[in-house]
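Report on the structure given below.
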Amino acid sequence: MVNIFSLRTAAWLGVTVVAAAAAGCSSSTSSPSPSPSAAPKTLTVRQLILGGPLHHSQPDDITALGGKLYVGFQNGVGAQGEPAPSGNLNSTLLEFTPAGSVVKQWSLPGKIDGMGADPAANQVIVTVNEDSKSSLYTVSGSGAVAHYTYSPSPLPHMGGTDAVSVFQGKILISASAPGTGGTAPKNAPAVYVVTLDSTTKVATAAPFFAINATATGVNAPNAGTKVTLALTDPDSNAVVPSGSPAFAGKFMLNSQGDLQLIFSDSSGQNLQVLKLSLPVDDTAWATSASGSLYVTDSAADAVDVITGPFKVGTAYTAVAPCNANTAPSVCPPPPPTTYKGNYLGTINLTTGAVSPLTFTGVITPKGMVFVP
């Protein structure tokens, strides 16, 4: 059993509205109508797991499957699988209960960076090495591990792979760090549809949509107009739940350094792009008022759980100023600076405004998953 280490209370800095603005009203001047599910005044944060006593560090992605949670600890391994300063080459995948009790753990070669759950197949899908030399693992609900190599190899975007979502039966994986291993074509994939062959252990990757795909702008400066994307940093992704007031039922790719969210239907076409005010890492929607938001804190080597009540439909996110393409190479730099470490925020899905939440304690969020 892993003990709960601390208790912290998170207070709202203000109400963030994600509902679409009324037709004909300017998003910068209109006021939203009162909602029956008014935003809560406080959120409570409990630290469930501390990596140090378990000899794990740098928790990143997190997912849920079958009533359990899974988190990847990167343990200092490099983005192309380079050894940590200690010589370690393996990340740790940890399975635990919602109360923080460790169930199982696996040592996987490479740097775990993307994870997703496939309930239909009763498995967790884990990608390693987000910059290059990437591959993936599946871990079944019974604990069996299988390792898959990608085909074609190298991948056409000449980079690695990151986040995983299962969307209408398709395994969608972010094509991260394009151009790391060579020049990426102008139409290189931003997202792959991946098919797993359990006999050959080959993960066949086909394009879902490209880094230069055409999309319709959602907000200023390109609201309602067609634009050609120029994505440089495909990163996290998610499936927008049905309770979201915007983009419900769509697949979402976060092009982190570009400050853009791209939304797609199951065809990989009919794209929409939302420009953000700040870069973000993982995003999770509250689908119930009484659920739990599980968050990895890489700075503390911890996994936290945030409880509400929540405002259903709110898009919570790990704001990541240092992950902007314009951020300094050493970030956060010494003060004074406009760049700082990650913090918890919300996204207005109409205007693209990213707003912070304040805490009486400290949390540096990265990966997150909401469990109703």
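The values are calculated or read from the model by the stated rules, or taken from the named source; none is laboratory data. A quick note: this is a predicted structure, and the numbers were derived from the prediction, not measured. Here Cβ is always computed from backbone atoms with ideal geometry, including for glycine, and neighbour counts include all displayed protein chains.
Starting from segment 106-133, keep only residues that are under 10 Å from THR63 (Cα atoms) and hydrophobic (A, V, I, L, M, F, W, C), then list their pairs with residues that are at pLDDT below 95 and assigned to a loop (DSSP other than H, G, I, E, B) whose Cβ atoms are within a distance under 9 Å, requiring at least 6 positions of separation or different chains.
So the pair list comes out as VAL124/GLY141.
Suppose we filter segment 160-182 for residues that are more than 25 Å from TRP106 (Cβ to Cβ), in a loop (DSSP other than H, G, I, E, B) and touching a strand residue (DSSP E or B) at 6+ places or on another chain (Cβ under 9 Å); how many remain?
Count: 4.
Can you name the residue in segment 220-249 that is outside any loop (DSSP other than H, G, I, E, B) and among the polar types (S, T, N, Q) and, of all such residues, is farthest from the chain's Cα centre (by Cα)?
We begin by selecting, within segment 220-249, every residue outside any loop (DSSP other than H, G, I, E, B); these are 223, 226-228, 234-239.
Subsequent filtering for residues that are among the polar types (S, T, N, Q) retains 228, 236-237.
Details: THR228: 24, SER236: 4, ASN237: 5 Å.
Applying the filter and picking the extreme gives THR228.
Only residues that are among the hydroxyl-bearing types (Ser, Thr, Tyr) and in contact with a Lys or Arg (Cβ under 9 Å, 6 or more places away or on another chain): list them for segment 82-138, please.
Here is the first cut: in segment 82-138, the residues among the hydroxyl-bearing types (Ser, Thr, Tyr) are 86, 91-92, 97, 101, 107, 127, 132, 134-135, 137-138.
Residues satisfying the conditions are SER91, THR97.
Can you give me the number of residues within segment 294-351 that are buried (at least 20 other Cβ atoms within 10 Å of the Cβ), over 21 Å from ASN237 (Cα atoms) and among the aromatic types (Phe, Trp, Tyr)?
1
Could you say which residue among ASN129, ASN88, ASN75, ASN122 is modelled with pLDDT of 95 or more and out of contact with any strand residue (DSSP E or B) (no Cβ under 8 Å at 6 or more places or on another chain)?
Numbers: ASN129 fails: out of contact with any strand residue (DSSP E or B) (no Cβ under 8 Å at 6 or more places or on another chain); ASN75 fails: out of contact with any strand residue (DSSP E or B) (no Cβ under 8 Å at 6 or more places or on another chain); ASN122 fails: out of contact with any strand residue (DSSP E or B) (no Cβ under 8 Å at 6 or more places or on another chain).
When all the criteria are applied, what remains is ASN88.
Quick one: which residue in THR337, THR351 is hydroxyl-bearing (Ser, Thr, Tyr) and within 27 Å of PHE247 (Cα to Cα)?
On the way: THR337 fails: within 27 Å of PHE247 (Cα to Cα).
None of the other options fit; the residue is THR351.
If you go through segment 134-148, how many residues are under 24 Å from the mean Cα position of the chain (by Cα) and farther than 19 Å from VAL77 by Cα? I'd like the intermediate steps shown before the answer.
Filtering segment 134-148 down to residues under 24 Å from the mean Cα position of the chain (by Cα) leaves 134-141, 143, 145-148.
Narrowing the set further to residues that are farther than 19 Å from VAL77 by Cα leaves 138-141, 143, 145-146, 148.
Adding up the residues that qualify gives 8.
Only strands (runs of 3 or more DSSP E) wholly contained in segment 250-367 count here; list those with 1 or more residues that are over 22 Å from SER174 (Cβ atoms) and either modelled with pLDDT under 95 or among the aliphatic types (A, V, I, L, M) (or both).
Numbers: elements: 251-255, 260-264, 271-275, 280-285, 292-297, 302-307, 315-319, 343-347, 354-356.
Once the strands (runs of 3 or more DSSP E) in segment 250-367 are filtered for at least 1 residues that are over 22 Å from SER174 (Cβ atoms) and either modelled with pLDDT under 95 or among the aliphatic types (A, V, I, L, M) (or both), what remains is 302-307, 343-347, 354-356.
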